[in-house]
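Notes to accompany the following structure.
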Amino acid sequence: MITRATKRLKMLKEINLLKTLYFSLLIYRKNEKKISILAYRKARIKIARDSLIKINGRLNIGTFWDMVTNRETIFLAKKSSRLIIDGDFTIFNGCTVSIQENAVLKIGSGYINSNSMILCFNHITIGTGVIIADQVTIRDSDNHNIIYEGYEESKPINIGNHVWIGMGATILKGVTIGDGAIIAAGAVVTKDVPTKCLVVGVPAKVIKNNIEWE
């Protein structure tokens, strides 16, 4: 039987203590908790000194997922970027989270599973209790300008509370996902998703309303 002490010892073996202390102290002046970041052994982290990092909880970067322990996790917060976390959020190993210059990433709580990406060029908001499966991409910019009237290269993404984003889904710029929604595996979200509905397909379309999940 695995005890709580055994789990804690295993976690301590997986954590990079030097990185954990360094990055927690780097943002300590902006947080109530001294140890607000746990950096695991395969995590590569770069935080610009003038970025604003506020964590009212704990951010786990590079947490191992079962037997998958050899994939590098990348966390990048560039110059004048902002990261605000109002709970506990886990980035599992193999993920990439990138906050570009002057961009804002706000997160409530939840986790993002292995080999997924959050690429924030403008503004991305993720609510509380959000589950993001593996191989998911959340990206708020096209990164290349398409020349036609009314075109915007980047638009904010808003993901509500208690949202489940399935394996291999893609969330594109300018969309709002309502509370309690489910994004099916492989779906590509290009338009707003109502609350408590299930969307599937490319592009994603509503197939069920008034759903609940746990």
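The values are calculated or read from the model by the stated rules, or taken from the named source; none is laboratory data. These figures come from a predicted structure and were not determined experimentally. Ideal geometry is used to build each Cβ from the backbone, glycine not excepted, and the neighbour counts take in all protein chains shown. Side chains are part of the model used for accessible areas, which takes the heavy atoms of the whole protein and leaves out ligands, DNA and RNA. Shrake-Rupley method; radii C 1.70, N 1.55, O 1.52, S 1.80 Å.
Some observations on this one:
- Matching residues in the range 113-138 - criterion: being β-branched (V, I, T), open to solvent by less than 20 Å² (accessible area, probe 1.4 Å) and not in a strand (DSSP E or B): V136
- Lone qualifier among K205, K191, K173 - being basic (K, R) and open to solvent by less than 60 Å² (accessible area, probe 1.4 Å): K173
- Options K54, K46, K106; residue that is within 21 Å of A169 (Cβ to Cβ), assigned to a strand (DSSP E or B) and either in contact with a helix residue (DSSP H, G or I) (Cβ under 7 Å, 6 or more places away or on another chain) or of a type in the set (K, R) (or both): K106
- Selection count where residues are more than 16 Å from T125 (Cα to Cα) and either in contact with a Ser or Thr (Cβ under 8 Å, 6 or more places away or on another chain) or charged (D, E, K, R) (or both), scope the range 144-168: 3
- If you go through the range 146-158 and pick out every residue that is modelled with pLDDT of 90 or more and in a loop (DSSP other than H, G, I, E, B), you end up with 2.
- Per the conditions (1) among the polar types (S, T, N, Q); (2) assigned to a loop (DSSP other than H, G, I, E, B); (3) open to solvent by less than 20 Å² (accessible area, probe 1.4 Å), the sole criterion not satisfied by N143 is (3).
- Look at the range 157-178: where a residue is under 10 Å from I138 (Cα atoms) and a partner is open to solvent by 60 Å² or more (accessible area, probe 1.4 Å) and among the β-branched types (V, I, T), sitting 6+ places away or on another chain with Cβ atoms under 6 Å, you get L172/T190.
- Some residue of the range 87-102 being surrounded by fewer than 22 Cβ atoms within 10 Å (Cβ to Cβ), touching a residue at least 40 places away in the same chain (Cβ under 8 Å) and assigned to a loop (DSSP other than H, G, I, E, B): yes
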